[in-house]
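The values are calculated or read from the model by the stated rules, or taken from the named source; none is laboratory data. A quick note: this is a predicted structure, and the numbers were derived from the prediction, not measured. We place every Cβ from the backbone using ideal geometry, glycine too, and count neighbours over all the protein chains shown. Calculation scope for accessible area: heavy atoms of the full protein, side chains included, ligands and nucleic acids excluded. Shrake-Rupley method; radii C 1.70, N 1.55, O 1.52, S 1.80 Å.
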Amino acid sequence: MTRATAGGAGAARRVHLREVALVVAAWLAYFGSRAVTEGRPGVAVAHARDVVALERRLGIAWEGALQDVVLGHRAIVDAANWVYTWGHWPVIVIVGLWLHARHRADYLLLRNAILLSGGVGILIFLAYPLAPPRLAE
């Protein structure tokens, strides 16, 4: 192995380690925010009731009606759960790995969008913990 090849391998290793560190940091931030808010379910449910009340005042409280349609069909519920479980994180990870290997600029755009939107979501959740509104009705 030449010195240039060894340097390239070292740089690539640093890039991979940085990406792993970012994922670990994001994971810790997500679960850390959940741990901080987990002991306050009453606050989260109260906020959910406020959101439902606001939706009703605005005339946009249609989530329950849509869920009632779906909940009556076990096959649709199973399909939705399957897509959520197996089509959410696995797809993000596979696409991320593929973009990282083949389309670096697109990977960086996706990575930054996920980290930024996730960070904003965590900050909002820390400031305003919210249970799923359907659980507050």
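Normalised per residue, the accessible area of segment 14-109 is 78 Å², obtained with a 1.4 Å probe and no contribution from ligands, DNA or RNA. Helix 104-127 axis versus longest C-alpha principal axis of the chain: approximately 40°, rounded to the nearest ten. Label sites at residue 83 and residue 38, each approximated as a point 7 angstrom past Cα along Cα to Cβ, lie 3.0 nm apart.
If R0 is 35 Å, what FRET efficiency do you get for residue 73 and residue 12 from their C-beta distance, rounded to 0.05? Efficiency computed from Cβ-Cβ geometry: 0.10.
Placing dummy labels 7 Å off each Cα toward the beta-carbon, the span from residue 53 to residue 27 is 4.0 nm.
Considering helices alone, the calculated mean residue ellipticity of the chain at 222 nm is -28500 deg cm²/dmol, with DSSP H runs of length four and up weighted by -39500 (n - 2.57) and normalised per residue. Once the Cα-Cα distance is subtracted from the 0.36 nm per residue extended length, the residue 19 to residue 135 segment shows a gain of 38.1 nm.
Using a simple spin-label model with pseudo-atoms 7 Å out from Cα toward Cβ, residue 126 and residue 91 lie 3.0 nm apart. Remark on the chain: Rg and Dmax equal 20.7, 70 Å (Cα only). The residues 125, 31, sorted by heavy-atom accessible surface at 1.4 Å with ligands and nucleic acids left out, run 31, 125 from largest to smallest.
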